[in-house]
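One structure below.
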Amino acid sequence: MDKNFRPKGPYAVLMTPFKEDGSIDFEAYEAEVEFLASSDIAGLFPCATTGEFVHTSPEENMKLIEVCAKVNRGRKSIAAGACATNLDTVELYARCADKCGCDAIVVCVPYYITLPQPEIKEFFRRLAKRLPDISIILYNIPMFTGEIAVSTIEALLECDNIVGIKDSSQNMKRICHTVDIKNEKKPDFSVFCGTDDMLLPALTAGCVGSMTAMSAILPEANSKIYSLFNEGKIKEAQELNMSYLKLVRLCDSLPFPAGYKLAFEKRGFKMGNKQIVSIEGTDEYRRIEAEIEKEIKKFI
């Protein structure tokens with residue numbers, strides 16, 4: 001990896017397809033990667049939250065990274081998920097990603113046992129020192145882990161190989177402050193939006209990229225939003241961003257990430273769920289499925 005790598009643009013978070021026995025369907029996964037590597041998005045994010053890395057073993061996660069890189073063949077940038085509760089496992093994922101030719105790793109705060117901010121800061125500082133030649137993207141997702149405070153991000157800007165952050169807090173206030181601070185202290189630090197609902201507002205606030213599910217489900221739409229934004233066509237970009245918000249609400253109405261996987265299935269990609277979806281097969285599920293299919297057809 002190049003520790004001077006600076007990510008930007010829309011990254012698709014890869015979803016992990018499963019067979020009925022709970023094993024990973026790598027044939028379906030390869031089809032997914034090929035589809036996205038052939039699209040206009042900027043990059044791929046395997047082993048993301050939507051990719052259910054918590055439901056798979058370290059060996060499976062590393063194979064997902066390896067297969068992604070193999071199928072991609074250098075066409076898109078790859079920021080590989082390297083999230084774990086301890087530095088040793090994060091490093092294991094990072095070495096795998098580096099060996100596969102990925103551009104960066106994405107690392108969240110250790111989860112389950114809540115850490116105070118000084119410990120979070122120390123975790124990432126130690127990680128940066130362990131992996132001096134690997135580009136690290138911080139991953140702020142407070143609905144599932146402890147939050148990385150803006151003051152902690154500011155302190156971590158001193159680490160050369162911490163090159164960006166994916167902020168999935170859904171909090172525009174903290175995103176704006178993060179952008180303001182990094183503009184003053186480390187202008188080439190990349191701030192990424194982690195939610196499709198506020199993609200355009202995040203771009204206007206200074207985010208340079210995004211890592212989201214809709215960049216996988218509707219890569220045409222999200223890549224177009226970036227093109228329109230860069231051309232100064234803000235109204236058209238806003239209309240396009242708003243046009244799939246009903247689809248997002250429908251996806252969010254099912255247990256995460258089943259709704260997003262169902263939407264991707266409506267694009268013709270076999271997915272399957274690792275966890276039990278309690279309403280699957282009910283009239284309500286069939287209603288949501290029909291509505292999702294209707295929304296997807298507006299874009300393809």
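Brief remarks on what is shown
- Checking every one of the chymotrypsin sites (Phe, Trp or Tyr not before Pro) in segment 36-136 against DSSP loop status and a limit of 11 other Cβ atoms within 10 Å picks out Tyr112.
- Whole-percent carbon and sulfur share, accessible surface of segment 230-295, 1.4 Å: 50
- Between Gly51, Gly272, Gly232, the Gaussian network model of the chain with springs among Cα atoms under 10 angstrom shows the greatest mean-square fluctuation at Gly232.
- Three-way shape call for segment 139-211 based on the alpha-carbon gyration tensor, with the a/c threshold at 1.5: oblate
- Sequence-distant contacts, meaning Cα pairs under 8 Å at least 6 residues apart, place the relative contact order of the chain at 20 percent.
- For the options Val191, Val163, Val54, a Gaussian network treatment of the chain with springs between C-alpha atoms closer than 10 Å singles out Val54 as fluctuating the most.
- Accessible area per residue in Å² at 1.4 Å probe, computed on the chain: 43
- Global geometry of segment 56-122, whether rounded, prolate or oblate, following the gyration tensor of its Cα atoms and the 1.5 cut on a/c: prolate
- At least 15 Å along the helix axis (C-alpha) and Kyte average at least 0.0, DSSP helices within the chain: 26-37
- Value of relative contact order over segment 131-221, rounded to a whole percent, pairs C-alpha under 8 Å and six or more apart: 25
- Computed E for Ser23/Lys70 - FRET, C-beta separation, R0 22 angstrom, nearest 0.05: 0.70
- Longest stretch of the chain clear of exposed loop sites (GluC sites (Glu not before Pro), DSSP loop, at most 13 other Cβ atoms within 10 Å, sites excluded): 21-157.
- Sparse-neighbourhood loop sites, trypsin sites (Lys or Arg not before Pro) in segment 100-134 - DSSP loop, at most 14 other Cβ within 10 angstrom: none
- Of the trypsin sites (Lys or Arg not before Pro) in segment 2-75, the ones in a loop by DSSP (not H, G, I, E or B) with at most 11 other beta carbons within 10 Å are Arg73.
- Segment Lys99-Tyr112, length gained on full extension (0.36 nm per residue, minus Cα span): 1.8 nm
- Using a Gaussian network model of the chain in which every pair of alpha carbons under 10 angstrom is joined by a spring, one finds that among Asp88, Asp283, Asp197 the greatest mean-square fluctuation is at Asp283.
- Cα-based shape type of segment 1-118, given that a ≥ b ≥ c are square roots of the gyration tensor eigenvalues and the cut on a/c is 1.5: oblate
The values are calculated or read from the model by the stated rules, or taken from the named source; none is laboratory data. Keep in mind the model is a prediction, meaning the values are calculated, not measured. Every residue, glycine among them, receives a Cβ derived from its backbone with ideal geometry; neighbour counts consider all protein chains shown. Heads up: the accessible areas ignore ligands, DNA and RNA and are worked out on the full protein's heavy atoms, side chains in. Shrake-Rupley method; radii C 1.70, N 1.55, O 1.52, S 1.80 Å.
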